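K.L.:
Below is the structure I would like to discuss, written out as structure tokens.
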Amino acid sequence: MQRSLLIRKVSPVVATQTRMIAMSATQTQTQTQTSTSAPPTSKREGDISDSFVSLSNTKRPPLPGRFLELKQSLVQGREDAIIASWGRLLRRLQVENDLVASKGPGVVPVLQFNDLEEQLPALRDELQKRGVAVIKGVIPRDEARAYKSEIEEYVRQNPSTKGTYLDLFYIPFRTPVLAVPCTSGTPPPPPPPPSSSPNARISTSQPLAYADRLRIRQPGDARFALGPHMDGGSVERWERHGYGLGGEGRGVYEDVFAGRWEEYDPWDAGARVGAVSDNYSGLGACSMFRMFQGWLSMSRTGPREGTLMVSPLLRLATAYMLLRPFFEPVRGLGGGDGAEKERYLDEANWRFCDGKFMTSALQGAEPGFGQELSAALHPHLDLDRTMVHMPPVEPGDFVVWHCDTIHAVDKVHTGTSDSSVLYIPICPVTENNAQYLARQRQAFLDGTPGPDFPGGAGESEHVNRPTVDFLRRYSGAEGLRAMGLEKLESRPHDPTGAQNVTKQANQILGL
């Protein structure tokens, strides 16, 4: 296999994400925050099941009293506004859930890579509403198939590698896939909107690499079938020293907690710069700011064939998940018919948990684990109907979703061939991301898993794992910069804040 050819072909993957971000994300002024995340530690060995309570068979006690105090502080003086906003939210969800259920996979925007620039403006509103997209034909089909062949050969050479979600972070051809950011010909991001500040300390001009797992799922597989969840922390979304450390002294979700969920902008990238998503050093908890998550398909996969499922109501689903801990049903569901369920979900059956009714519970959230959602805990999301499959994808297609999108995978792979993807998120330059990149760089040099993942020997003793010389030869300066191995560069169009954070990132990286 000619790896240099593969690397050149994969470059459009990250270029695609960069274009999506440029068209969708807004940047607002934010001040540099002092990170209060848990200090980096060497994590024990484990696997993806350690990231979620439902997979780890862990029984968790009620959250401690400090979370009750936190909840009380979030709503104090805002009770009436939050109650009113909850009613508006339930009514809107009822309408939008029916729409999503009727469209199924057809609700997911699909774009053609060759016409991306022309299609993005027309689909911008729909992309922002749905929080997910499929981009067809990012790289040639045969080349994407070839990646899987190389992975399988690498696993054959290193038989200690096991599992469906392979703990391979630095396989020889894949590291450049993660590392190579957009190449020449990619248009610069548009200028910030009028309400933005040029001092926002974030740069989307040069994506940073995030070494993640890959998946090769065989037909019939039902192991590690992740249910609906959100990555990037769980209890941190309510914590003052978590997502409460946003921009301009405001939390990321301030509008939601103020009873103004309609004004919450999920695409305000600058508002997330100071947020801390991992306060507990969880196994598999993501502490890097990934504006988008995504995967490149190496196989043909359709609904119920081991593919991705999402809730395509980004703002509504996020607002509901955040407000759910403040409301409870007056009467339970029981085991009745559809009419009983309708009465259970009715707005009049849900009361605000004030005074003696409020508890420390944050439904589906546990320190050190990912945020999980379920029909029982989050009934108004109607997840059984509104978690939609991706439309059929071919090798070389790219699926991208917002970092707050609720997503899952098929419980059982009922197809006849494997479902194989490379996870490739996109990360802007920020202070916190540069700090993570410095730790990840050392992990790459050592061949051990990335800092967010369970520890162990990783690929340190693997045959043919990549080296710095490999990156230098096949991905050049762009790939080395994305991995924190060469100095980051600003672009002439970058605003002041982006230039300043790039300088700060180079200092953090010692470059």
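K.L.:
Need the failing condition index for Y210 against (1) under 30 Å from P64 (Cβ atoms); (2) in contact with a Gly (Cβ under 8 Å, 6 or more places away or on another chain); (3) in a loop (DSSP other than H, G, I, E, B); (4) at pLDDT 85 or above, just the number.
P.N.:
Among (1) under 30 Å from P64 (Cβ atoms); (2) in contact with a Gly (Cβ under 8 Å, 6 or more places away or on another chain); (3) in a loop (DSSP other than H, G, I, E, B); (4) at pLDDT 85 or above, Y210 violates only (1).
K.L.:
Restricting the search to the range 465-511, which residues are assigned to a loop (DSSP other than H, G, I, E, B), over 19 Å from A438 (Cβ atoms) and without any contact (Cβ under 8 Å) to a residue 60 or more places away in the chain?
P.N.:
Listed by number, the list holds a single entry, P492.
K.L.:
Quick one: which residue in G282, G274 is more than 13 Å from the chain's Cα centre (by Cα), more than 20 Å from Y423 (Cβ to Cβ) and not hydroxyl-bearing (S, T, Y)?
P.N.:
G274
K.L.:
Can you tell me how many residues within the range 412-426 are under 18 Å from the mean Cα position of the chain (by Cα) and crowded, with 21+ Cβ neighbours inside 10 Å?
P.N.:
Step one: list which residues in the range 412-426 are under 18 Å from the mean Cα position of the chain (by Cα), which gives 421-426.
Applying the additional criterion that residues be crowded, with 21+ Cβ neighbours inside 10 Å yields 421-422, 424-426.
Total meeting the criteria: 5.
K.L.:
Could you check the range 327-411 for strands (runs of 3 or more DSSP E) lying wholly inside it with 3 or more residues that are in contact (Cβ under 8 Å) with a residue 12 or more places away in the chain and crowded, with 21+ Cβ neighbours inside 10 Å?
P.N.:
398-402
K.L.:
Restricting to the range 84-115, give me the number of residues that are surrounded by fewer than 19 Cβ atoms within 10 Å (Cβ to Cβ) and hydrophobic (A, V, I, L, M, F, W, C).
P.N.:
6
The values are calculated or read from the model by the stated rules, or taken from the named source; none is laboratory data. As the structure is a prediction and not an experimental result, all values here were calculated from the model. Neighbour counts are summed over all protein chains in view; Cβ atoms, including those assigned to glycine, are modelled from backbone coordinates with ideal geometry.
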